[in-house]
Amino acid sequence: MSRKRVLLVGGGLTSAMVARLLRDAALAGEIELHAWDRRDTIGGRASVEHCEQTGGTAEMGLQYVTEVDGVSGEHRELYDALERAGLLVPMHATIDGARNADGDGPKWVAPSGFDAVTKALFDASGAHLALGRAVSAIERVTTSHADGHSSTTWRVSSAGLSGGGDEQFDAVVLTMPVPHVLALGGAVAEALLARPELLEGLRGVQYSSRYALALFYAPDDERAAAFFAQLPWTCKYVPKEEDDAVVFLSKCAAKRDASEPPSLVVHSSVPFALSKLKESVDPDDATAELLARVRALLPGLPEPVETRTTLWRLSQVRAPLESAHAAHTLADGDAPLILAGDALSKHGSRFDGCFESAHAAASALRTGLGLRAPRGPGDAAALGA
Ligand SMILES: Cc1cc2nc3c(=O)[nH]c(=O)nc-3n(C[C@H](O)[C@H](O)[C@H](O)COP(=O)(O)OP(=O)(O)OC[C@H]3O[C@@H](n4cnc5c(N)ncnc54)[C@H](O)[C@@H]3O)c2cc1C
């Protein structure tokens, strides 16, 4: 059997988990794995800002993982492998304020950041990861062979910082947020037009929007160290009555028990972000307003050395796709085209939601390509322990 070329679109957690689940097939030489992300950083909505000036880091999206009730099987195996590799550790930090939505399962943090978790999963799979490469179109290519049979591949066009151009793949897994899938056109649009119920369902998937702001402090800033040490929490959900623009505050290094210079992560409320987007407010002005709200909440907050902002237009999934499947095969036969991501899982925007969808996508891909290599057990060494 010739080695099949598989493209995972997206460099976030779902894509990295699919890669890890296909590791055995990659090692056995059955597939050659590629992953492309349009951004020049890894992790998607689990991305991390690294401040060169201070050496500090700030998780701008995913903060901590709360296990869904009663995880077992391969979910458990992934947690165990990540824990053995030191990439996930139990969260000890205190969280002020209630957030019941995720239940009260065990909580995990990533000592080196969730971008490191994503990277380790990709590295373990041997996938060729290209950042700054945005998929712009996917077209079906049918080739007739001399013996009378025909075969299908996908021509994937891309553009971006790290170059672009067309490449052919035997299978493609799309893991980006649903609006980015719906914007693709070509073979994806054709496949969805043939599945009106799925298309309607995908159009109904909703996301929240929010700003993330990071404040970085120098390692020798004693005032900042003293200020953060006296705060009675490590993470805090801010009640609406206290402030309606700021929803979450986190001392990022302390949250992860990391010996790094302090940084403070701020998440805005969804209404705040929506109103700024609706009024087309300049992002710098929105950030300045958010910072002023933080200063009012935390009197005496020292001046940071550097600030960074991310506007998450598509933040967390509010209404996932209502479906019995956590991944959908848009085109099968010998060239699967598969749709995955947190929006397709009943668990939505959670680590276990990404894994449920990744697992379904990897299984569909194995079946579609007729892969033989069995799934091996979790392997901490392969995760860079
Ligand atoms: C502010 C915030 C806080 C959160 N807090 C938590 C939390 O505490 N706990 C928790 O469990 N979850 C949390 N989440 C949710 C969690 O981060 C997501 O569920 C998860 O990261 C989604 O991973 P994904 O791989 O499915 O999607 P993504 O991370 O969105 O990855 C998809 C990738 O596809 C790329 N892409 C898009 N279009 C293209 C294209 N045309 N070509 C190439 N690449 C493309 C994107 O750049 C992106 O990197 C939070 C998310 C946000 C934004």
Mean Cα-pair separation over length for segment 215-261, i.e. relative contact order, pairs under 8 Å, 6 or more apart, %: 37
Over what distance in Å are the Cα centres of segment 228-261 and segment 1-48 separated? 33
Candidate span helices, the chain: DSSP H, at least 18 Å along axis from Cα coords, Kyte-Doolittle average at least -0.5, result 283-297, 351-369
Cβ density ranking, 10 Å radius, fewest first, applied to CYS235, CYS252 yields CYS235, CYS252
May I ask for the equivalent-ellipsoid semi-axes of the chain, computed as the square root of five times each C-alpha gyration tensor eigenvalue and listed largest first in whole Å? 38, 23, 19
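Under the definition of Cα pairs under 8 Å and six or more residues apart, what whole-number percent is the relative contact order of the chain? Don't skip to the answer; put the middle values down first.
Values: 836 pairs, mean separation 89.4, N = 385.
Reported relative contact order: 23 percent.
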Given contacts defined as C-alpha pairs under 8 Å and at least six residues apart, what's the relative contact order of segment 2-154, whole-number percent? 31
Anchor LYS107: lysines whose Cα lies under 23 Å away (excluding residues fewer than 8 positions away in-chain): LYS119, LYS236, LYS251, LYS255, LYS346
If you put +1 on each Lys and Arg Cβ and -1 on each Asp and Glu Cβ, how big is the dipole of segment 209-312 around its Cα centre, in Debye rounded to 20? 380
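R0 = 56 Å: FRET efficiency of LEU231 with SER2, Cβ-based, nearest 0.05?
The computed FRET efficiency comes out at 0.40.
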Given segment 209-312 reduced to its alpha-carbon atoms as identical point scatterers, what log10 I(q)/I(0) does the Debye formula return at q = 0.12, 0.16, 0.17 Å⁻¹? -0.38, -0.67, -0.75
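Treat every Asp and Glu Cβ in the chain as -1 and every Lys and Arg Cβ as +1, leave all other atoms uncharged, and give the resulting dipole magnitude about the Cα centre to the nearest 20 debye.
Details: 37 positive and 50 negative charges, 95 e Å.
That gives a dipole near 460 debye.
Neighbouring Cβ atoms within 10 Å as the yardstick, rank ILE42, ILE31, ILE95 fewest first.
On the way: ILE42 23, ILE31 26, ILE95 18.
So the ranking, lowest neighbour count to highest, is ILE95, ILE42, ILE31.
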Quick note, segment 132-236: a/c under 1.5 would make it rounded; otherwise a/b > b/c is prolate and the rest oblate (a ≥ b ≥ c, C-alpha gyration tensor); here it is prolate
Which of HIS347, HIS267, HIS145 comes first, and how do the rest follow, when ranked by fewest Cβ neighbours within 10 Å? HIS145, HIS347, HIS267
Mind giving me the nanometre distance, one decimal, between the label points for LYS278 and ASP96, set 7 Å out from Cα along Cα→Cβ? 3.0
Per residue, how big is the convex hull around the C-alpha atoms of segment 1-72? Give it to me in cubic angstrom, could you? 135
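Any read-out appearing in this document is the output of simple, stated calculations on the displayed coordinates, not a laboratory observation. Since we're looking at a predicted model, the values are computed, not measured. Because the Cβ atoms are built from the backbone with ideal geometry, glycine has one as well, and the counts that use them run over all protein chains shown.
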